[in-house]
Amino acid sequence: MASDRSAIHQAARDLYVNTSPAASPGLATLVVPEEVAHPVRGRDDLLTELSSALELGGQVVVLHGNGGHGKTTVAVQVARRAAVETWWVDASSSTNVTEGLREVALRAGADEQAVQNAWSGAGSAPEALWRALDARATPWLLVLDNADDPRVLAPDGVRVATGRGWLRTPRSTGTVLITSRDGRRDEWGDRTFVPVDVLGAADAARVLLDLAPGAGGETDARDLAERLGGLPLGLRLAGQYLGATSQAVRLPGLVQPRTFAEYGRALANGAELRGHEVLAGTWELSLDLLARRGQPLARPLLRLLSSFAPAPIPTELLDATVLATSETFVGITPFQLADLVEGLRALGLVDHRANALVLHPLVRDANLRPGPGYDDVRVAVLDRLVKRLDSNDPATWALWHALLPHCVQLPDEAIDVHVTTATFCLRVDLHHEAERLYRRVLSVVTARSGEDDREALLLRHTLATLADWRGDRATAEAELRSVLDAQRRALGPDHPDTVSTGNELARVTGRHDAARVAELRELLAAQTDTLGPGDRQTVATRDDLARELVAQNRLTEALVEYRELFATRSATLGADHPDVMRLRQNIATLLQIEGDFDGADAEYRALLPVRSRVLGPEHSETLGTRTSAAMNSARRGHLESAEAELRDVVSTCERALGAEHPQTLLSRQGLDRVLEARASRAP
């Protein structure tokens, strides 16, 4: 039986003594992008103005200008020069903003539990962020890059100027720097506006000469710069193009611009290009060059990349075996695909950062060709990749987060991808995103098969559990009752889906009794006979049974079920899988509570190196296991070694998680108990 000084914490189906479940790891990056390789021209006065604003602090600066004006380049220079703590957030989508600012809140000193609660819907995430930022005593810089749609920084239906969303004026010495195409003062409110204009002729010519020193003299460079309208992105692309062609061997019959003058004439012969059309003409010339180099598929590849969401595109998506089955890329090999990507990179049409391809928004806009051809390929590559990713494996989470905006963008009919993506979202506590995806799938399934379709009822069951998660128990109970009635009519009272919904309804309504255990045992026996002990449904039912037994304090019986689960799951998943680690933690916890300290010690010794290797030595779950193991050691009478271990755990928790993190508090509580026990034994 449990000691009167011990507690079983049960959440996310993981049991601990004196610990709490770990929050999902923050995976957003706040790193300032790398500087451009060539010198930045014509921005000295602008950088001086922005540096002065940064020194003053307490304001929001909107760095605005048309696409391709180099706003991000200027912001990078400001961030690199700033001698203050700097956080860089990609604000091109609401998902990127939400995840990035969650990491900013944690870095700024917000309590991790408060952040977890706020980002899961139990509080206001913007309030949690700004409480932490405004409490900072030292200067800081927050860059919100590519915030071209101000609505991603404000609640639905509310203008960002109201200051009720993510964007607010700092009350401390911090500065918010925004880069955006949108320079409307009525949209942003009372901010400091700094325009980023095109480059003057002299500076623009210097950019071309930096990139293509062999393509001509200053006069021709100035003429081409003026034709390109001084747009930094257009200058960079033209310069890279000429840098590639100016030194190439000239062959009979090969016509391609090699000098500034020839490039200008090529543009003029196509049309009188201005603004975005200038850039489009520049990109088409680069694609023509790749075609002449024997890479005609570079153009459709760029069109395909442009069809993805405006976010970094993981290179894992470029699966040649999938592309080769399409009409556009029929028969393409991985080597050919790699050559195409390198060709696009060489001419500046795509960038490669952290295992992802990045398109400038203007490149994407100019090459976007809506249609079923590219849509079908996009769905196919995403479907192939997400089916290979185990959302329970933390090693896949960084890739999953990168895929998320692209999966969400797919049409509603891509239900397999949406269901798999929703499963990942649940695993990392993105419950709201999961709910939106499940609702989209439900609308498709219902329209196709009707409300009483089994898949539709399972989706409604899942949505009901999400309602319970967000605290709306009344809605959850009402929906589960409705689903249960429909399942009884459509499937029968003894169908596993019907029984499962009845069990979930019992959990939501708080009915923990022997009858429910009997129901679960009956269902488990039936599933074991018909589906086998390793089937997903059988495993889920046994897990439900073990949790119910713990809830009723029938720990010995629960231990039997967890041991059976551990044997089944470890044989198929391996020791590194999160489910297997959770089960071993639960077994050790129950052994410890039951007084089998030697047995618990053996389990902790087996589990700890696995969690440390898979999750990292400073992950809260790893530290939770160390705390539990140390407390178990103390129960065995090894108070001195337990004290030394807990002191190290507390120190690590405070450094890695923060002084107020729940795991830090629980580890410190465990240390206090050991110190108290040692004091009571002192002569």
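The values are calculated or read from the model by the stated rules, or taken from the named source; none is laboratory data. None of the values given here were measured: they were computed from a predicted structure. Here the Cβ positions follow ideal geometry from the backbone for every residue, glycine too, while neighbour counts run over all protein chains shown. What goes into the accessible areas is simple: the full protein's heavy atoms, side chains included, and nothing from ligands, DNA or RNA. Shrake-Rupley method; radii C 1.70, N 1.55, O 1.52, S 1.80 Å.
The figures follow:
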| quantity | calculated |
| --- | --- |
| Filter result (open to solvent by 60 Å² or more (accessible area, probe 1.4 Å) and not acidic (Asp, Glu)) within the range 156-172 | GLY157, ARG159, THR162, ARG164, THR169, ARG171 |
| Residue tally, condition closer than 28 Å to GLY109 by Cα and part of a loop (DSSP other than H, G, I, E, B), over the range 629-683 | 5 |
| Residue, surrounded by the fewest Cβ atoms within 10 Å (Cβ to Cβ), within the range 173-211, restricted to residues that are touching a Lys or Arg at 6+ places or on another chain (Cβ under 9 Å) and of a type in the set (D, E, K, R) | ASP186 |
| Of all residues making up the range 331-358, the number that are touching a residue at least 40 places away in the same chain (Cβ under 8 Å), under 26 Å from the mean Cα position of the chain (by Cα) and in a helix (DSSP H, G or I) | 1 |
| Qualifying residues in the range 451-465 (those that are assigned to a loop (DSSP other than H, G, I, E, B) and farther than 18 Å from ASP416 by Cα) - the one least open to solvent (accessible area, probe 1.4 Å) | ASP452 |
| Those residues of the range 107-118 which are open to solvent by less than 20 Å² (accessible area, probe 1.4 Å) and in contact with a Phe, Trp or Tyr (Cβ under 7 Å, 6 or more places away or on another chain), in sequence order | none |
| Residues of the range 119-129 satisfying the condition of being among the hydrophobic types (A, V, I, L, M, F, W, C) and open to solvent by 10 Å² or more (accessible area, probe 1.4 Å) | TRP119, ALA122, ALA125 |
| Condition check for ALA571: open to solvent by less than 40 Å² (accessible area, probe 1.4 Å), over 22 Å from LEU549 (Cβ atoms) and part of a helix (DSSP H, G or I) | no |
| Top-ranked residue in the range 212-232 [being surrounded by fewer than 24 Cβ atoms within 10 Å (Cβ to Cβ) and under 28 Å from ARG181 (Cα atoms); ranked as modelled with the lowest pLDDT] | GLY229 |
| Answer from SER306, SER286 - the residue that is open to solvent by less than 10 Å² (accessible area, probe 1.4 Å), at pLDDT 85 or above and either in contact with a helix residue (DSSP H, G or I) (Cβ under 6 Å, 6 or more places away or on another chain) or within 15 Å of ARG364 (Cβ to Cβ) (or both) | SER306 |
| Some residue of the range 581-588 being over 16 Å from ALA567 (Cβ atoms), open to solvent by less than 10 Å² (accessible area, probe 1.4 Å) and either part of a helix (DSSP H, G or I) or at pLDDT 95 or above (or both) | no |
| Residue within the range 593-605 that is at positive phi and either crowded, with 18+ Cβ neighbours inside 10 Å or modelled with pLDDT of 90 or more (or both) present | yes |
| Sole residue being without any contact (Cβ under 8 Å) to a residue 24 or more places away in the chain, over 34 Å from the mean Cα position of the chain (by Cα) and farther than 30 Å from ASP535 by Cα, chosen from ASP596, ASP648 | ASP596 |
| Qualifying position, being at pLDDT 90 or above, part of a helix (DSSP H, G or I) and either within 21 Å of PRO150 (Cβ to Cβ) or open to solvent by less than 20 Å² (accessible area, probe 1.4 Å) (or both), among VAL104, VAL62, VAL89 | VAL104 |
| Selection within the range 65-86 - charged (D, E, K, R) and under 14 Å from ASN146 (Cβ atoms) | LYS71 |
| 2 or more residues under 20 Å from ASP45 (Cα atoms): qualifying helices (runs of 4 or more DSSP H) within the range 125-244 | 201-211 |
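Residue-wise test of (1) crowded, with 19+ Cβ neighbours inside 10 Å; (2) in a helix (DSSP H, G or I); (3) modelled with pLDDT under 90.
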site	(1), (2), (3)
SER391	yes, no, yes
LEU404	yes, yes, no
PRO411	no, no, yes
HIS418	yes, yes, no
ALA467	yes, yes, yes
GLU479	yes, yes, no
VAL483	yes, yes, no
PRO493	no, no, yes
VAL499	yes, yes, yes
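Each row is one residue, and each column tells you yes or no for (1) within 12 Å of the chain's Cα centre (by Cα); (2) in a helix (DSSP H, G or I); (3) basic (Lys, Arg).
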residue	(1), (2), (3)
VAL381	no, yes, no
LEU385	no, yes, no
PHE424	yes, yes, no
ARG439	no, yes, yes
